[in-house]
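Structure first, then comments.
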Amino acid sequence: SVRLIREIHAELLKGVRGQHLTPGEVRTSQNWIGPGGCSLNEATFVPPPPHEVAHHLGELEKFLHSDTPLPMLIRIGLAHVQFETIHPFLDGNGRVGRLLIAFLLCEQQILLKPVLYLSHYFKQHCQEYYEQLQSVRDKGTWEEWLTFFLAGVVEVSKQATETARRILTLRETHRL
């Protein structure tokens, strides 16, 4: 829900960069995405104006709770782009958007615990991640975005599985 997203945002910004930028509150001024120090006119992307943010978040919430026949991983991938495009907060949108992926996987009972975090994958493929997001916005390349997103899910899942195997092996090795 939008309320949960706002609460997550408020918690994530406690004591970190952006804590002075109205944590937990949807923005009331225009923000933009671009190189550090760029102006609105030089921005790579300008999210919807503040008066449209609540509407777009409501639409995102409806989409997530709809009865669409799309597989849940596809819906989560689509929702991530939608959230990042709405960019509802003055700061911390990326952090919240990445965390929402894990929350949605748990909420939909795809995972029992939030153990699948795509943040590292997105960081490793940072340029492609931002290019994919922008390409969806500019050209509607949803399939390419979903291919990238699902490749990340596969890679991170394999890494998490291997880590779990190593932990279990260590536990067995050091059992008394």
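Annotation: of all residues in the range 64-82 being of a type outside the set (A, V, I, L, M) and under 16 Å from LEU105 (Cβ atoms), the one that is surrounded by the most Cβ atoms within 10 Å (Cβ to Cβ) is GLY77. Looking across the range 131-164, the residues that are touching a residue at least 60 places away in the same chain (Cβ under 8 Å) and more than 25 Å from LEU111 (Cβ to Cβ) come down to GLN134, ARG137.
So, GLU25, is that one surrounded by 11 or more Cβ atoms within 10 Å (Cβ to Cβ), touching a residue at least 60 places away in the same chain (Cβ under 8 Å), part of a loop (DSSP other than H, G, I, E, B) and of a type in the set (Asp, Glu) or not? Against the criterion (surrounded by 11 or more Cβ atoms within 10 Å (Cβ to Cβ), touching a residue at least 60 places away in the same chain (Cβ under 8 Å), part of a loop (DSSP other than H, G, I, E, B) and of a type in the set (Asp, Glu)), GLU25 qualifies. Does THR141 fit the bill of being at pLDDT 95 or above, of a type in the set (Val, Ile, Thr) and touching a His at 6+ places or on another chain (Cβ under 9 Å)? In short, no. The numbered conditions (1) under 18 Å from the mean Cα position of the chain (by Cα); (2) farther than 24 Å from LEU116 by Cα; (3) modelled with pLDDT under 95; (4) not basic (Lys, Arg) are all true for CYS38 except (1). Do the conditions hold for LEU78, that is, is it among the hydrophobic types (A, V, I, L, M, F, W, C) and under 22 Å from HIS120 (Cα atoms)? In short, yes.
The values are calculated or read from the model by the stated rules, or taken from the named source; none is laboratory data. Everything quoted here is computed from the prediction, not taken from an experiment. Don't worry about glycine lacking a Cβ; one is built from the backbone with ideal geometry, like all the others, and counts go over all protein chains shown.
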